[in-house]
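Here the structure is laid out as structure tokens; the discussion comes afterwards.
Values quoted throughout were computed directly from the atomic coordinates according to the rules given, and no laboratory measurement underlies them. All values reported here derive from a predicted model rather than from experimental measurement. Cβ placement follows ideal geometry from the backbone for every residue including glycine, while neighbour counts extend to all protein chains displayed.
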Amino acid sequence: MDLKLQIDLERLPHHVAIIMDGNGRWAKKHGKPRIFGHRNGVKTVREITETAAELGISYLTLYAFSTENWSRPKREVSAIMQLLVDTLYKEINTLNKNDIRLKAIGELHSLPASTHKALKEGIANTAANQRMTLVLALNYSGRWDIVQASQKLAQQVSEGLLPLEALDEHAIQGALSTADMPEPELLIRTSGEHRLSNFLLWECAYTEFHFSPVFWPDFGKEHFYQALIDFQNRERRFGKISEQIIH
Ligand code: FPP
């Protein structure tokens, strides 16, 4: 049966986060340099973004470059940064046509100037779009976000703007770079790795994880549908027992 028809559109996650993994191994499998894998990974980004928007998912967050990724060979890092710049300029019209708003989380000021510029332009040019928000996590790590949120809040406490008793979960959530987004109900990681790798640490407290063995460049619509069906077949209890959940 058509996988898409098995998805209950009334119970879609509002926010899906993806760790796009396996580009390098995919390229190796094809006897090509790693950047060939990243280029093909961009095709998947396109397909999954369009699929998520068509279904009616409100937020799609992609882990495009982690703080740890700087330790890759310099050539690969520059190639990824260039690919990002090219893709951002090339895809801006498609984002607008599909009514998709671009957002970025991470330490964006430390990105190469050309990447930062392309990103800022992409964000500004799509700011009015409403169907879906595509969030790129760039130079992002979950611990970095918790640290920067803590610093912001500590500053407010030290200036007397925030009483210490008001420094609670809600305050921390509001100081994260994801403050204006719902927490992801579903996180997908491709390529058979079963780790969170410093992604959305705070936000994933109750998130369902779906691990796919498929390398990111081969991850298509059908795999995405499968992840959503898998998610919908689970019971999310948030610490309660089964009988307490209203179905
Ligand atoms: C993971 O595969 C991939 C990355 C760290 C980079 C992903 C970047 C892109 C797909 C380009 C992003 C573009 C846009 C527009 C978001 P890996 O290199 O870790 O693969 P491996 O584990 O097999 O080595």
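A few comments on the model shown:
- Among residues of the range 53-69 being more than 11 Å from the ligand (Cβ to nearest atom) and part of a helix (DSSP H, G or I), the one that is surrounded by the most Cβ atoms within 10 Å (Cβ to Cβ) is Ala53.
- In the range 28-55, residue nearest to His116 (Cα to Cα) [restricted to those that are in contact (Cβ under 8 Å) with a residue 60 or more places away in the chain and of a type in the set (Gly, Ala, Ser)]: Gly41
- Any chance Ile245 is out of contact with any helix residue (DSSP H, G or I) (no Cβ under 9 Å at 6 or more places or on another chain) and of a type in the set (Val, Ile, Thr): yes
- Single residue of the range 1-52 satisfying the filter (more than 12 Å from the ligand (Cβ to nearest atom) and under 23 Å from Ser197 (Cα atoms)) that is surrounded by the fewest Cβ atoms within 10 Å (Cβ to Cβ): His14
- Residue pairs whose Cβ atoms lie under 6 Å apart, separated by 6 or more positions or on different chains, with the first residue in the range 61-74 and under 14 Å from Leu200 (Cα atoms) and the second more than 6 Å from the ligand (Cβ to nearest atom) and in a loop (DSSP other than H, G, I, E, B), are Tyr63/Phe199; Ser66/Ser141; Thr67/Ser141.
- The range 171-187, residues that are acidic (Asp, Glu) and farther than 23 Å from His109 by Cβ: Glu183, Glu185
- The range 88-197 holds helices (runs of 4 or more DSSP H) entirely within its bounds, and those carrying 2 or more residues that are farther than 30 Å from Leu12 by Cα map to 113-125, 142-158.
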